[in-house]
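Student: Below is the structure I would like to discuss, written out as structure tokens.
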Amino acid sequence: MKKMGNPGDKVLLSGNEALALGAYEAGVKVASAYPGTPSTEILENLCRYEGVYTEWAPNEKVALEVALGASFAGARALATMKHVGLNVAADPLFTAAYTGVRGGLVIVTADDPEMHSSQNEQDNRNYAYAAKVPMLEPSDASEAKDFLKVAYRISEEFDTPVLLRTTTRVAHVKGIVAAGEMETSSVQPGIVKMPQKFVMLPGHARLRRVELEKRMNRLREYAGTFPANRTEWGDKKTGFITSGVSYLYVKEAFPDASVLKLGMVYPFPDDMIRDFASQVTDLFIVEELDPFIETHVKALGIACKGKELVPAMGELNSHILRKAITGRAEGDLFEPVPVPMRPPNLCAGCPHRGIFHAISRLKVFVAGDIGCYTLAALKPLSSMDSCVCMGASIGTAFGMEKALGKDSLGKIVAVIGDSTFMHSGITGLIDVVYNRGFTTVIILDNSTTGMTGHQPNPSTGVTLGGYAGTGIDIPALCGAIGIKHVVTVNPHDMDNAEKVLRQEIERPEPSVIITQAPCVLLPEMKRRKDKKRYMVIGDNCTGCRSCLKIGCPAIEWAPLTAEEAKKLGYKESQKGHSTINAVMCDGCGQCVTLCKFKAIVGAEK
């Protein structure tokens, strides 16, 4: 368990680590999440603090419902997720705005401008407006901790869930954070029956809708006195209204300008905005992604400049901002150095590589899903044709089947990971069975949630705290749903995997293929003593390049000139030969299957 120092002690923390500390100091008792970059490390750190129950939920909707239940019981509760996760949790969020809370409830939404690890670039400030809940937005790690504690006070004072928005930069960049005082909820935990408040029948909901509007009016007044909404006066010729990490860019690019920094980005402090705007000559709104603040300022009838100058896509930085406002790229703010492209790739020995190579030989449409296996869309595997959101693969494949009818038999497969299947794939499979489909679903079971850093999931049977529980039996679950044909294969055995694939996709009824092999990065896989290495026998290599078709990073290609080929004993016409990097090779043996000239053999230890 983590031990914190005395109040005032300073530590270097990332934004996510600071949020975990803030939750602990705020007296959070229950925290639930689904891992997703850039939010994952919040619960990974919070679970180390004593007295806080933390869990990985099957998905974000469940995480918020668990946190809401804890709030109903009078405990302070936290739900964390990446921005697209809030889409999944939107159903309980909108109704939670009606029910309100007992113990404080905060939902952290971590947005991802620039899409470093996401399928879209949505701006979740819009959720605060749509759901009618307040939202705070810290600019750095120190504010992240402080704002989270303030969010719980607001939640309990105003009987509302509170959204706290971070972005990738705030979540991951480190800063100095001071330890603070421990707090407790103003609510006594316990079961209190309040059906008119918590049971959202239409009759009750209509009454709560009135209370929601009263609450928003009080919050608008509160926004005008909220300390984190502050004016920093400087040269009044130029004024900026900004929030979050954009505030830091403004301060660096225009240190002498006047700034209105919004710590609460919804609801807005209208009188403060009007007063600030009236005292500056030129008003600029600086924010990443959507013109959320800008739209409101213009609705107040205030002239300002925003997205006609500042990009509406991707992350900002001080260089981009100054150039956008002044039209000049000045030397004291350097332009970010372009980094050479490093295409992502599946790890050496990854079990997903074998099954995707087998799929590529079938020439079928592959409805894919969210996970590290999405990299199979890239060359040389080129084995994914769609990827929309968590769990969408099965529904996408089934929809194509219904659109094309029996002509699509043997031409479409759905591919989904074990954690993603638990998240939101089960209902799609139920739809296939219930509505008499014949979709073939491939579940890639690598015993972990690989993409977000190897977190356990319900199928692994291990909890966030490391406790052994009951793992969900995926084959049994598929059988219980009504799938009559469930086959488990070893994806490293590519010949058999391809044989099973060809058999199952031709079935005129639903089938599930489960590829079962652990992720090579799991600790137990790294420690295994029976790991075999492979090497290339140069005399047998013909340079056919077949081994390169799986894109394994351990297999390297050495080009040869005619002179080099002759010197090394190869045919002069041979353009090159393969080698296997002994350090990177994980011993999966997939490449052996591909070589028809027996040039790849086990290396002596």
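The values are calculated or read from the model by the stated rules, or taken from the named source; none is laboratory data. All of these numbers come straight from a predicted model, not from anything done at the bench. Because the Cβ atoms are built from the backbone with ideal geometry, glycine has one as well, and the counts that use them run over all protein chains shown.
Student: Here is a list of conditions, (1) touching a Phe, Trp or Tyr at 6+ places or on another chain (Cβ under 9 Å); (2) buried (at least 21 other Cβ atoms within 10 Å of the Cβ), and ASN124 meets all of them except one; can you say which number that is?
Tutor: (1)
Student: Hey, another quick one. Output the qualifying pairs, or none if there are none: Cβ atoms under 6 angstrom, residues six or more apart or on different chains, first residue in segment 327-343 and over 12 Å from ASN317 (Cα atoms), second residue surrounded by 10 or more Cβ atoms within 10 Å (Cβ to Cβ) and at pLDDT 80 or above.
Tutor: Pairs found: ALA329/LYS323.
Student: Then there is this: Might you let me know whether segment 146-164 holds any residue that is in the same structural domain as SER39 (by TED's automatic domain parsing), more than 29 Å from ARG208 (Cα to Cα) and either surrounded by fewer than 24 Cβ atoms within 10 Å (Cβ to Cβ) or in contact with a Gly (Cβ under 9 Å, 6 or more places away or on another chain) (or both)?
Tutor: Going through segment 146-164, the residues in the same structural domain as SER39 (by TED's automatic domain parsing) turn out to be 146-164.
Of the ones still in play, those that are also more than 29 Å from ARG208 (Cα to Cα) are 146.
Imposing the further condition that a residue be either surrounded by fewer than 24 Cβ atoms within 10 Å (Cβ to Cβ) or in contact with a Gly (Cβ under 9 Å, 6 or more places away or on another chain) (or both) reduces the set to 146.
Yes.
Student: Inside segment 432-464, can you point out the residues that are part of a helix (DSSP H, G or I) and closer than 18 Å to VAL413 by Cβ?
Tutor: Scanning segment 432-464 gives VAL432, VAL433.
Student: Now a separate question. Could you count how many residues in segment 388-422 are part of a loop (DSSP other than H, G, I, E, B) and out of contact with any Phe, Trp or Tyr (no Cβ under 8 Å at 6 or more places or on another chain)? Outline the logic, then answer.
Tutor: Taking segment 388-422 first, the residues part of a loop (DSSP other than H, G, I, E, B) are 388-391, 409-411.
After this cut, where a residue has to be out of contact with any Phe, Trp or Tyr (no Cβ under 8 Å at 6 or more places or on another chain) as well, the list is 388-390, 410.
Total satisfying the criteria: 4.
Student: Residues in segment 341-359: is at least one in contact with a Ser or Thr (Cβ under 8 Å, 6 or more places away or on another chain), outside any helix (DSSP H, G or I) and not acidic (Asp, Glu)?
Tutor: No - not one qualifying residue is present in segment 341-359.
Student: Looking at LEU444, LEU464, LEU429, which one is in contact with a Pro (Cβ under 8 Å, 6 or more places away or on another chain), under 23 Å from ALA33 (Cα atoms) and either at pLDDT 95 or above or of a type in the set (D, E, K, R) (or both)?
Tutor: Answer to the selection: LEU444.
Student: Select, from ALA178, ALA144, the only residue that is under 30 Å from LEU289 (Cα atoms) and of a type in the set (Gly, Ala, Ser).
Tutor: ALA144
Student: For segment 360-387, give me the residue count where each residue is surrounded by 23 or more Cβ atoms within 10 Å (Cβ to Cβ), without any contact (Cβ under 8 Å) to a residue 40 or more places away in the chain and part of a helix (DSSP H, G or I).
Tutor: Going through segment 360-387 one residue at a time, the tally reaches 1.
Student: Could you check how many residues of segment 560-574 are basic (Lys, Arg) and either more than 9 Å from GLY543 (Cβ to Cβ) or at pLDDT 70 or above (or both)?
Tutor: Number satisfying all stated conditions: 2.
Per-residue answers, yes or no, for (1) within 24 Å of ASN45 (Cβ to Cβ); (2) of a type outside the set (Val, Ile, Thr); (3) touching a residue at least 40 places away in the same chain (Cβ under 8 Å):
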| site | (1), (2), (3) |
| --- | --- |
| THR439 | no, no, yes |
| ILE442 | no, no, yes |
| SER447 | yes, yes, yes |
| GLY469 | yes, yes, no |
| ALA476 | no, yes, no |
| ILE481 | no, no, yes |
| HIS485 | no, yes, no |
| ASP493 | no, yes, yes |
| ASN496 | no, yes, no |
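Student: Those residues that are of a type in the set (A, V, I, L, M, F, W, C) and exposed (fewer than 12 other Cβ atoms within 10 Å of the Cβ), I need them from segment 300-316; list them, please.
Tutor: ALA303, MET313
Student: Across segment 313-334, what is the number of residues that are charged (D, E, K, R) and more than 32 Å from the chain's Cα centre (by Cα)?
Tutor: 3
Student: How about segment 147-162: which of its residues are outside any helix (DSSP H, G or I) and either of a type in the set (Val, Ile, Thr) or touching a residue at least 60 places away in the same chain (Cβ under 8 Å) (or both)?
Tutor: Result: THR160, PRO161, VAL162.
Student: For ALA329, which of the numbered conditions (1) of a type in the set (A, V, I, L, M); (2) modelled with pLDDT of 80 or more; (3) out of contact with any Ser or Thr (no Cβ under 7 Å at 6 or more places or on another chain) fails to hold?
Tutor: ALA329 satisfies all of (1) of a type in the set (A, V, I, L, M); (2) modelled with pLDDT of 80 or more; (3) out of contact with any Ser or Thr (no Cβ under 7 Å at 6 or more places or on another chain) except (2).
Student: Right, another one. Does segment 189-202 hold any residues that are closer than 11 Å to SER71 by Cα and either of a type in the set (Lys, Arg) or surrounded by fewer than 12 Cβ atoms within 10 Å (Cβ to Cβ) (or both), and which are they?
Tutor: Those that are closer than 11 Å to SER71 by Cα and either of a type in the set (Lys, Arg) or surrounded by fewer than 12 Cβ atoms within 10 Å (Cβ to Cβ) (or both): GLY190, ILE191.
Student: Would you check if ASP91 is modelled with pLDDT of 95 or more, of a type in the set (D, E, K, R) and surrounded by fewer than 19 Cβ atoms within 10 Å (Cβ to Cβ)?
Tutor: So ASP91 fits the description; yes.
Student: On to the next question. What's the number of the condition MET525 fails, among (1) over 34 Å from the mean Cα position of the chain (by Cα); (2) closer than 17 Å to HIS492 by Cα; (3) of a type outside the set (Gly, Ala, Ser)?
Tutor: (1)
Student: Name the single residue, out of those in segment 176-218 being among the charged types (D, E, K, R) and outside any helix (DSSP H, G or I), that is farthest from the chain's Cα centre (by Cα). Before you say what the answer is, go through the steps one by one.
Tutor: Residues of segment 176-218 among the charged types (D, E, K, R): 181, 183, 193, 197, 206, 208-209, 211, 213-215, 218.
From what's left, outside any helix (DSSP H, G or I): 181, 183, 193.
On the way: GLU181: 31, GLU183: 30, LYS193: 36 Å.
Applying the filter and picking the extreme gives LYS193.
Student: Now for a different question. Inside segment 1-113, counting only helices (runs of 4 or more DSSP H) that do not spill past its ends, which hold 1 or more residues that are basic (Lys, Arg)?
Tutor: 60-72
Student: Can I ask one more? For segment 62-88, give me the residue count where each residue is of a type in the set (Lys, Arg) and either surrounded by fewer than 23 Cβ atoms within 10 Å (Cβ to Cβ) or under 22 Å from GLN188 (Cβ atoms) (or both).
Tutor: 1
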